[in-house]
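Report on the following structure.
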Amino acid sequence: MSIRDVYIVDAVRTPIGKFGGALSSVRPDDLAAHVVRELIGRAPDLDPARVDDVYFGDANGAGEDNRDVARMAVLLAGLPTSVPGVTVNRLCGSGLEAVIQAARAIALGDASVVVAGGVESMSRAPWVLQKPERAFPAGHQQLHSTTLGWRMTNPRMPAEWTVSLGEGAELIADKHGITREAQDAFALASHRKAAEAWAKGLHDGEVVPYAGVDLTRDECIRDATSLEALGRLKPSFRPDGGTVTAGNASPLNDGAAALLLVDEEGLRETGREPLARIRASAVTGIEPQLFGLGPVEAVGRALGKAGRSFADLTTFELNEAFAAQSLGCLAEWPELDPAIVNPRGGAIAIGHPLGASGARLAGSVAHQLAAAGSGTGLAALCIGVGQGLALVLER
């Protein structure tokens with residue numbers, strides 16, 4: 001059996017909204033439907049019925065994104081009911097996992113045209129109540145927020161594995177001697193690069209605002225922030241001597257992203273020149289509390305599969321869950337030129353809507369390669385509970 005080449009024809013995303021912000025009034029299934037509709041609308045030569053499947057990442061799934069949000073997106077976007085949809089969950093890597101699974105289906109000949117993406121509304125994530133052990137309990141019951149992190153944790157899990165995400169970032173700062181000042185400087189650079197990219201119109205070809213919502217730019221970018229302003233923020237997880245703050249960590253966000261993936265036959269049907277070709281991917285595991293270093297091995301494996309090295313990369317989108325986490329990864333890649341990492345800003349500024357982020361990163365790499373005309377790019381994320389995911393693209 002021959003393996004087919006897989007091409008990314010197009011990629012779109014919403015502007016990323018802040019927690020409780022402009023997109024908080026929009027249901028996640030509507031966000032997902034929006035990017036699917038916009039993506040298909042930008043390929044007028046493609047019959048929507050030719051879409052073999054829709055893969056969507058979603059990290060929560062406890063609220064309005066329940067009941068297979070990918071299928072909901074298909075129906076709400078007005079695609080033919082013959083188009084199926086499947087929702088995948090690899091937490092922060094869900095959107096990239098959707099792209100990888102879609103690409104694998106095409107490569108193996110199971111599909112020719114696939115939409116892949118991700119969605120998250122952290123604003124609308126519900127509180128959940130566990131069923132009581134017996135009927136009619138007399139005491140109070142506890143509600144759990146599903147916005148982020150551990151909840152209803154299995155007591156059999158070792159305590160060192162179930163620390164908060166922020167404490168995990170502090171552990172990486174300890175491991176690599178990453179100072180508060182270095183983290184704040186990294187965060188400031190993220191905001192400056194993101195603001196500059198928007199000012200130059202570099203996102204104009206991929207961002208599709210949601211109709212009726214007054215948001216045309218990523219909502220969390222702070223153009224006027226400074227090292228002094230970041231330095232005044234208190235540590236969020238270790239009150240005494242902590243280094244991780246709200247300013248050097250990614251915020252809570254809402255948003256969606258989608259990509260159109262095709263084989264050679266699908267490419268002819270779209271009548272489009274592809275943005276990039278998918279070359280290789282890899283997923284790895286690591287101790288849960290050190291989740292932030294998950295990309296280290298995944299990136300190495302993906303590059304090895306592609307027959308490439310850091311020297312071959314022209315752009316690298318590394319999800320900035322925390323500045324400490326990103327700097328920890330960079331410390332373990334001494335041969336990587338940091339100047340090519342997140343050239344248009346990262347998640348600290350742009351935002352991190354969990355299930356959508358991986359698709360945003362893959363789409364950004366594809367658009368950057370298309371703008372450059374050639375090159376090799378990489379998208380990678382750390383994943384809560386200790387995983388790493390990476391994808392290599394080429395043009």
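The values are calculated or read from the model by the stated rules, or taken from the named source; none is laboratory data. Just so it is clear, the structure is predicted and the values come from calculations on it, not from any experiment. Glycine gets a Cβ as well: all are built from the backbone with ideal geometry, and neighbour counts include every protein chain shown. Accessible surface areas use protein heavy atoms only, side chains included; no ligands, DNA or RNA. Shrake-Rupley method; radii C 1.70, N 1.55, O 1.52, S 1.80 Å.
Quick check: anything in the range 232-246 β-branched (Val, Ile, Thr) and touching a Leu at 6+ places or on another chain (Cβ under 6 Å)? Yes, the conditions are met somewhere in the range 232-246. Note on the range 128-165: residues that are in contact with a strand residue (DSSP E or B) (Cβ under 7 Å, 6 or more places away or on another chain) and either under 13 Å from GLY386 (Cα atoms) or buried (at least 16 other Cβ atoms within 10 Å of the Cβ) (or both) amount to 1. Cβ separations smaller than 7 Å between residues 6+ apart or across chains give the following pairs from the range 152-170 residues that are in contact (Cβ under 8 Å) with a residue 60 or more places away in the chain and of a type in the set (Phe, Trp, Tyr) to residues that are open to solvent by less than 70 Å² (accessible area, probe 1.4 Å) and outside any loop (DSSP other than H, G, I, E, B): TRP161/PRO288; TRP161/GLN289. Out of VAL83, VAL88, VAL119, one residue alone is open to solvent by 10 Å² or more (accessible area, probe 1.4 Å), of a type in the set (A, V, I, L, M, F, W, C), under 23 Å from LEU275 (Cβ atoms) and touching a residue at least 24 places away in the same chain (Cβ under 8 Å). It is VAL88.
One residue stands out among those in the range 338-354 that are β-branched (Val, Ile, Thr) and either modelled with pLDDT under 95 or within 18 Å of the chain's Cα centre (by Cα) (or both): the one that is farthest from GLY95 (Cα to Cα), which is VAL341. Set side by side, the residues ALA59, ALA70, ALA105 differ, and just one is more than 19 Å from ALA257 (Cα to Cα) and either part of a helix (DSSP H, G or I) or in contact with an Asp or Glu (Cβ under 7 Å, 6 or more places away or on another chain) (or both), which is ALA105. Go through the residues of the range 11-28 one by one and say whether even a single one is surrounded by 22 or more Cβ atoms within 10 Å (Cβ to Cβ), assigned to a helix (DSSP H, G or I) and modelled with pLDDT of 95 or more. Among the residues of the range 11-28, at least one is surrounded by 22 or more Cβ atoms within 10 Å (Cβ to Cβ), assigned to a helix (DSSP H, G or I) and modelled with pLDDT of 95 or more, which makes the answer yes. The set of residues in the range 46-60 that are surrounded by fewer than 24 Cβ atoms within 10 Å (Cβ to Cβ) and either of a type in the set (A, V, I, L, M) or modelled with pLDDT under 95 (or both) comprises LEU46, ALA49. Is there a residue being polar (S, T, N, Q), surrounded by fewer than 21 Cβ atoms within 10 Å (Cβ to Cβ), at pLDDT 95 or above and out of contact with any His (no Cβ under 9 Å at 6 or more places or on another chain) anywhere in the range 326-337? Within the range 326-337, not a single residue is polar (S, T, N, Q), surrounded by fewer than 21 Cβ atoms within 10 Å (Cβ to Cβ), at pLDDT 95 or above and out of contact with any His (no Cβ under 9 Å at 6 or more places or on another chain). When GLU196, GLU228 are checked against the criterion of being assigned to a helix (DSSP H, G or I), in contact with a Lys or Arg (Cβ under 9 Å, 6 or more places away or on another chain) and open to solvent by 70 Å² or more (accessible area, probe 1.4 Å), GLU196 stands alone in meeting it. Screening the candidates GLY345, GLY292 for the property of being closer than 23 Å to THR245 by Cα, in contact with a strand residue (DSSP E or B) (Cβ under 6 Å, 6 or more places away or on another chain) and surrounded by 24 or more Cβ atoms within 10 Å (Cβ to Cβ) yields one hit, GLY292. If the Cβ limit is 7 Å and pairs must be 6+ apart or interchain, which residue in the range 64-79 that is surrounded by fewer than 20 Cβ atoms within 10 Å (Cβ to Cβ) pairs with which residue that is part of a helix (DSSP H, G or I) and of a type in the set (D, E, K, R)? Within 7 Å, the pairs are GLU64/ASP29; LEU76/ASP29; LEU76/ASP30; GLY78/ARG37.
Please tell me if HIS367 is buried (at least 19 other Cβ atoms within 10 Å of the Cβ), closer than 29 Å to ASP65 by Cα and touching a His at 6+ places or on another chain (Cβ under 9 Å). Taking the combined requirement at face value, the residue satisfies it. I'd like to verify a number: residues in the range 258-289 that are open to solvent by less than 10 Å² (accessible area, probe 1.4 Å) and either in a helix (DSSP H, G or I) or under 19 Å from PHE322 (Cα atoms) (or both), how many? Matching residues across the range 258-289 total 2.
Take the residues in the range 190-222 that are among the hydrophobic types (A, V, I, L, M, F, W, C) and touching a strand residue (DSSP E or B) at 6+ places or on another chain (Cβ under 7 Å), then tell me which one is nearest to HIS34 (Cα to Cα). That would be VAL208.
Applying the criterion of being of a type in the set (Gly, Ala, Ser) and in a helix (DSSP H, G or I) to the residues of the range 32-56, the residue that is farthest from the chain's Cα centre (by Cα) is ALA49.
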